[in-house]
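Novice: For reference, the structure I am asking about is given below.
The values are calculated or read from the model by the stated rules, or taken from the named source; none is laboratory data. These numbers come from a predicted model, not from an experiment. Ideal geometry is used to build each Cβ from the backbone, glycine not excepted, and the neighbour counts take in all protein chains shown. Protein only, heavy atoms only, side chains kept; ligands, DNA and RNA dropped before computing areas. Shrake-Rupley method; radii C 1.70, N 1.55, O 1.52, S 1.80 Å.
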Amino acid sequence: MSSVMTTHDAPPATTPPTGRAIVLDGVSKTYDVKGGGAPVTALTSVDLTLRAGEFFSLVGPSGCGKSTLLNVVAGLLDASTGQTRIGDRTVSGPDRATGIVFQKATLLTWLTIEENVLLPSKIAKRLDDETRARADHLFELAGLADFRKRYPSELSGGMQQRASIVRALVGDPDVLLMDEPFSALDEFTREGLNDELMRLWTDSPKTVVFITHNIAEAVYLSDRVGVMTSRPGTLKEIVDVPLARPRGPELRSDEHFYELVSRIRGLIGHHHEGTNR
Amino acid sequence: MTATMLDRDISAGTALPQPGGRATRKQRKGPSLGLRIGLPLLVGVVLVGAWELVTRRDMVSPLLLPAPADVWSALDAGIIQGLWWGDIRVTLTEMVIGFGIGVVAGLLLGALFAYSAISRIAFYPYIIALQSFPKIAVAPLLVVALGYGMSPKIAVAASLAYFPVMTAAIAGFTEIDKDEHNFMRSIGASRWHEMRYLRMPNAMSYLFPSLDVALIVALLGAVAAELVGAREGLGYVLVERQAFGDTPAIFAALVVLAAIGVVLQALVVLLRRVLPRSVVPR
Ligand SMILES: Nc1ncnc2c1ncn2[C@@H]1O[C@H](COP(=O)(O)OP(=O)(O)O)[C@@H](O)[C@H]1O
Ligand SMILES: [Mg+2]
């Protein structure tokens, strides 16, 4: 593992890759429905390999199995078939080396921001000086330093979500999984947080799986974007995003950026019609 | 710091409460303090005035509705000259002990039912059946079994107080936010961690509103049991004064009971305000 407190000013390509490769091998998921309904096939045989340190987004219509896929990688859900490996570990349950950010900030309202952020380390009995130093650093980076003693309800939605990202990063995970983390926020806040997330990721690269409904957001952040289609949930296509890093707000009006967004939108629209026929 | 804070404000898209201030509470502007004290006071004066008028004109028999001045002198004898202090102490003691037992029993039963499906299936129907018959009806039996002392009153008070606490505890332990639960799982929390960091605090937020209900029914239980058979206590005062046709004293005792209820509820509200969020989540 990398030394933790060094700041990676250089783009990730020139530093040794951190994070872990993720390999999904024939992963599918069928939910048994309580009360005797027909089982729901949420995901059919997904094969996917993510490079260590890669930022990978998943886009697709609601119900195409994005969360299901993420929860399998997180170890929160058992796949019906197939295998998921993170580095050389086969996923069989939740692991501390995987950080998760949900759509809701899921901060515990009875703990301060700081207590929330340190809770995972506390539970893992790893609340040492190194962890505290990393928390300080992340609070600073996320602009939360003045709010660590506050309670979640005293913060705006955007700041709560920022705190929950800090919480996911504080244990220095190899993998960061994010399930529509910004979709409850307004456009303005979302763009601010995208830049913030880029900074955090550049500061300490992880392998990221990022789910979103927002195609522009996916292109802006990712090295590659996986397009999923529904009924049954399938990973249909993977689109490379060869845009240079570091990326900044000006990218949003870039021609190549716009082309990629339209292409992905076309892919989703096309398959959408295809499945409905 | 100010400059970056401003940036944050903009990127967060929402106005932030200032650190250290209690802006949120002040923003909600209700009726002024003068109005909130003055108006109820005015209503009180009008009601007592009407009461005075009705009694002075002999519109109702004084055996049913005594004059305010007579009630006042009964209160004076009972409270200011201290005739009833012993009875008040007895009723309060019964109530507080019954309340305490009820809260503990309610919490334990709530935790048991929340955690053990088997015990819930086995016992919960009986708990509900027990709840739906008037427990005060058992008071005479309890007096026979436990005597004229405090214990039957405590028993009735506790048997009424445990129920709201138990239902709140069951809800608090089981109605856990699905995402928060998933988060706890994702960080590898054990069952104990889940209890300590998620279920207990959640239960506390459900519990507090049940406490003022429990307090009031504990008072009700204690007094009702005293009516059945007692040698002291405010319930005993009611029965004894009734035997003498002393309606002003009965009214005065009711005023005292109401005051006890109000003060205790205010105490619970106050407690909730002063306890830190880590104990009583808001
Ligand atoms: N626990 C569950 N039981 C049954 N069906 C489920 C369950 N969770 C998800 N599904 C179904 O699986 C499909 C994929 O869901 P999900 O992975 O949440 O999609 P997405 O995140 O892309 O919106 C949907 O059709 C959904 O209704
Ligand atoms: Mg989803």
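Novice: If I fit a long axis through the Cα atoms of helix A:157-169 and take the longest principal axis of the Cα atoms of chain A, what angle between them do I get, 0 to 90°, rounded to 10?
Specialist: 90 degrees
Novice: Among A:V23, A:A133, A:G248, which residue has its Cα furthest toward the positive end of the charge dipole of chain A, with +1 on Lys/Arg Cβ and -1 on Asp/Glu Cβ?
Specialist: Selected residue: A:V23.
Novice: Taking Cα pairs under 8 Å and at least six residues apart, what relative contact order does segment B:224-274 come out at, in percent?
Specialist: Result for segment B:224-274 is 21 percent.
Novice: Shape call for segment B:58-102 from the C-alpha gyration tensor, a ≥ b ≥ c root eigenvalues: rounded (a/c under 1.5), prolate (a/b greater than b/c) or oblate? Display every interim value, and only then the final one.
Specialist: Details: a/c = 5.24, a/b = 2.06, b/c = 2.54.
Verdict is oblate for segment B:58-102.
Novice: Right, here's the next one. What percent do you get for the relative contact order of chain A when only Cα pairs under 8 Å and 6+ apart count? Write out the running numbers ahead of the final one.
Specialist: On the way: 518 pairs, mean separation 71.5, N = 277.
Answer for chain A is 26 percent.
Novice: Using the Cα centre as the reference, give the magnitude of the dipole from point charges on the C-beta atoms of the protein assembly as shown (Lys, Arg: +1; Asp, Glu: -1; all else neutral), rounded to the nearest 20 debye. Write down the numbers at each step before the final one.
Specialist: Working: 55 positive and 54 negative charges, 149 e Å.
With only Lys, Arg, Asp and Glu charged at Cβ, the dipole is about 720 debye.
Novice: Then there is this: Find the sum over both chains of the accessible area lost when A and B are paired, probe 1.4 Å, and report it in Å² to the nearest 100.
Specialist: 3000 Å²
Novice: Here is a further query. Output wanted: per-residue J couplings in Hz (rounded whole) for segment B:135-146, from phi through Karplus 6.51 cos²θ - 1.76 cosθ + 1.60, θ = phi - 60°, x for Gly and Pro.
Specialist: These are the phi-based 3J(HN,Hα) values: 5, 5, 5, 7, 3, x, 5, 5, 5, 4, 6, 10 Hz.
Novice: Also, I was wondering about something else. Note down the relative contact order for chain B as a percent, whole number, built from C-alpha pairs under 8 angstrom at least six residues apart.
Specialist: 23 percent
Novice: Just want the answer: with Cβ charges of +1 for Lys and Arg and -1 for Asp and Glu, which residue in B:W85, A:G93, A:I123 is farthest toward the dipole's positive end in the protein assembly as shown?
Specialist: B:W85
Novice: For B:L112 and B:V279, FRET efficiency with R0 = 25 Å and r from the beta-carbon atoms, rounded to 0.05?
Specialist: Efficiency, from the Cβ-Cβ distance: 0.65.
Novice: Let me ask something additional. Rounded if a/c is under 1.5, else prolate if a/b beats b/c, else oblate: with a ≥ b ≥ c from the C-alpha gyration tensor eigenvalues square-rooted, which is chain A?
Specialist: It comes out prolate by the Cα gyration axes.
Novice: Leaving out ligands, DNA and RNA, and with a 1.4 Å probe, what % of the accessible surface on segment B:163-249 is carbon or sulfur?
Specialist: 58 percent
Novice: Can you give me the pair-distance distribution of the protein assembly as shown, C-alpha pairs, 20 Å bins, whole percents?
Specialist: Calculated over all Cα pairs of the protein assembly as shown, the distribution is 17, 38, 25, 16, 4 percent.
Novice: Give the accessible surface of the protein assembly as shown per residue, rounded to a whole number of Å², with probe radius 1.4 Å and ligands, DNA and RNA excluded. Could you put the intermediate results ahead of the total?
Specialist: Working: 27840 Å² over 559 residues.
For the protein assembly as shown, the solvent-accessible area averages 50 Å² per residue.
Novice: Further question: Evaluate 2.2 N^0.38 Å with N set to the residue count of chain B, then give the Cα radius of gyration divided by it.
Specialist: Taking N as the residue count of chain B, the ratio is 1.33.
Novice: Go ahead and set up a Gaussian network model of chain A, Cα springs under 10 Å, then flag whichever of A:M178, A:M159, A:M228 fluctuates most.
Specialist: A:M159
Novice: Here's a follow-up. What number, rounded to the nearest 500 deg cm²/dmol, is the helix-based mean residue ellipticity at 222 nm of chain B, given -39500 (n - 2.57) per DSSP H run of at least four residues and division by all its residues?
Specialist: -24500 deg cm²/dmol
Novice: Go ahead and run the numbers for FRET between B:D76 and B:Y126, Cβ-Cβ distance against an R0 of 56 Å, rounding to 0.05.
Specialist: Working: r = 49 Å, r/R0 = 0.87.
Calculated transfer efficiency: 0.70.
Novice: Starting from the exponent 0.38 and prefactor 2.2 Å, build the expected Rg for segment B:84-160 from its residue count and divide its actual Cα Rg by it.
Specialist: Working it through for segment B:84-160, the quotient is 1.29.
Novice: Right, something else. For peptide A:99-112, compute the average count of partner chain beta-carbon atoms within 10 Å of each residue's beta-carbon.
Specialist: 5
Novice: Go through A:K122/B:K178; A:K29/A:K122; A:K125/A:K149; A:K236/B:K178 and tell me which ones have a Cα-Cα distance over 24 Å in this structure.
Specialist: A:K29/A:K122; A:K236/B:K178
Novice: Continuing with this model, one more query. To the nearest 500 deg cm²/dmol, what mean residue ellipticity at 222 nm is calculated for chain A from DSSP H runs of n ≥ 4 alone, each contributing -39,500 (n - 2.57), summed and divided by the residues?
Specialist: The per-residue figure over chain A is -10500 deg cm²/dmol.
Novice: If a paramagnetic tag sat 7 Å from the Cα of A:S262 along the Cα-Cβ line, which residues of segment A:195-235 would have the backbone N under 19 Å from that point?
Specialist: A:215-220
Novice: If you don't mind, there's one more thing I want to ask. Name the residue farthest towards the positive end of the dipole of segment B:67-274 from the options B:P164, B:G149, B:G98, assuming +1 on Cβ of Lys and Arg, -1 on Cβ of Asp and Glu, about the Cα centre.
Specialist: Positive-most Cα among the choices belongs to B:P164.
Novice: Which of the lysines could be linked to B:K153 by a straight reach, that is with a Cα gap under 28 Å, when you skip same-chain ones fewer than 8 residues away?
Specialist: Straight-distance partners of B:K153: B:K135.
Novice: How tilted is helix B:2-12 with respect to the longest principal axis of chain B? Cα atoms for both, answer in degrees (0 to 90, nearest 10).
Specialist: Result, in degrees: 90.
Novice: Moving to a separate point now. Under the rule of at least 5 residues apart or a separate chain, name every residue whose amide H is placed under 5 Å from the amide H of A:M228.
Specialist: Excluding prolines and chain starts, which carry no amide H, the hits are A:V59, A:G60, A:K236.
Novice: Which value, in debye to the nearest 20, gives the size of the charge dipole of segment B:157-268 about its Cα centre, when Lys and Arg are +1 and Asp and Glu are -1 at the Cβ?
Specialist: Numbers: 7 positive and 10 negative charges, 63 e Å.
So the dipole magnitude of segment B:157-268 works out to roughly 300 debye.
Novice: Using a/c under 1.5 as the rounded threshold, could you call segment A:86-191 rounded, prolate or oblate? The axes a ≥ b ≥ c are square roots of the C-alpha gyration tensor eigenvalues, and prolate needs a/b larger than b/c, oblate otherwise.
Specialist: Oblate is the answer for segment A:86-191, as a/c is 1.5 or above yet b/c matches or exceeds a/b.
Novice: Rank-order B:234-241, A:137-144, B:82-89 by packing density, defined as the average count of other C-beta atoms within 10 Å over each peptide's residues, highest first.
Specialist: Descending packing order for the listed peptides: B:234-241, A:137-144, B:82-89.
Novice: Here's something else I'd like to know. Taking springs between alpha-carbon atoms closer than 10 angstrom, which of A:P94, A:P173, A:P39 fluctuates most in the Gaussian network model of chain A?
Specialist: Greatest mean-square fluctuation among the candidates belongs to A:P39.
Novice: A further question on this structure: Using only Cα atoms and rounding to the nearest 10 degrees, what angle (0 to 90) does helix A:255-276 make with the longest principal axis of chain A?
Specialist: Taking the Cα atoms of chain A, the angle to A:255-276 is about 50 degrees.
Novice: Something else: Taking the Cα centre as origin and putting +1 on Lys and Arg beta-carbons and -1 on Asp and Glu beta-carbons, what dipole magnitude results for segment A:107-172, to the nearest 20 debye?
Specialist: 200 debye
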